[in-house]
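The values are calculated or read from the model by the stated rules, or taken from the named source; none is laboratory data. Please read all numbers here as calculations on a predicted model, not as lab measurements. All Cβ positions, even for glycine, are placed from backbone atoms using ideal geometry, and neighbour counts span all protein chains on display. Just so you know, the surface numbers come from the protein's heavy atoms only, side chains and all, with ligands and any DNA or RNA stripped out. Shrake-Rupley method; radii C 1.70, N 1.55, O 1.52, S 1.80 Å.
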Amino acid sequence: DQQVKQNSPSLSVQEGRISILNCDYTNSMFDYFLWYKKYPAEGPTFLISISSIKDKNEDGRFTVFLNKSAKHLSLHIVPSQPGDSAVYFCAASDYGQNFVFGPGTRLSVLP
Amino acid sequence: GAGVSQTPSNKVTEKGKYVELRCDPISGHTALYWYRQSLGQGPEFLIYFQGTGAADDSGLPNDRFFAVRPEGSVSTLKIQRTERGDSAVYLCASSPTGVGAGELFFGEGSRLTVL
């Protein structure tokens, strides 16, 4: 039973447009959420995080939105660049426990 | 280097053999995690150390899997009597102060193939 879901296995976006990656979770105890990016043959690298006391966190081209009532978060990348092409993982934790990862969404940004 | 180091990067073994995977975390990081990633899936939690002790080993799939961190730095994941289903990329990550305090810093992983 997946606690963190990323229902889109892949997404293609034109360069310069917005990429929106979605994530849903089932455990209401989760209160800290992160997005990781992974290139082939490399470990995941941290991108951005959000605590449950916020509904938005922005860092440059990356913004994460959290809707606690819907148990949903999304990552917006704007403008998308070819170098953003990677697999994106959503992860969640309740403080003091481990991080639970989603299955990932492969983003392809087309030039 | 300054990042999390994992060795070997690739390991091919035969079914039934014993395997050790090593992780050298970022200096000063007290928390260390092992994850396993199979093709097309996200990282799956195995075990988490805070210092020398295993704070949570609930993700270890069975008693063939064991991990140690004797001095609170380097960790070794040990797999006995390997099975083909153990084939995956084993990821190690470290964190300065543990879960909730920030992100995990991952190594590049050790790809294990059991023939």
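Brief remarks on what is shown
- When A:S52, B:S95 are compared by accessible surface with a 1.4 Å probe, the order from highest to lowest is A:S52, B:S95.
- A Cβ-based charge dipole, computed about the Cα centre of chain A with Lys and Arg at +1 and Asp and Glu at -1, lands at about 140 debye.
- Take B:12-21, B:49-58 and order them by the average number of nearby Cβ atoms within 10 Å per residue, most first; the result is B:49-58, B:12-21.
- For chain A, averaging the sequence separation of C-alpha pairs within contact (under 8 Å, six or more residues apart) and dividing by the residue count gives a relative contact order of 38 percent.
- Here is the short version for the protein assembly as shown: each Cys has another Cys C-beta closer than 4.7 Å.
- With a 10 Å cut-off around each Cβ of A:35-45, the average count of Cβ atoms from other chains is 5.
- Part-to-part distance (alpha-carbon centres) for the stretch B:49-95 and the stretch B:9-26, which is given in Å: 11 Å
- Efficiency of FRET from Cβ geometry, A:Y39 and B:E14, R₀ 22 Å, rounded to 0.05: 0.10
- Mean separation of Cα contacts under 8 Å (6+ apart) over length of chain B, as relative contact order %: 37 percent
- Around B:E83: net Lys/Arg minus Asp/Glu count, Cβ-Cβ under 14 Å: +3
- Using alpha carbons only: equivalent-ellipsoid semi-axes of the protein assembly as shown, gyration tensor based, whole Å: 30, 20, 16
- Relative contact order computed over the stretch A:61-111 (Cα-Cα under 8 Å; 6+ residues apart), in percent: 31 percent
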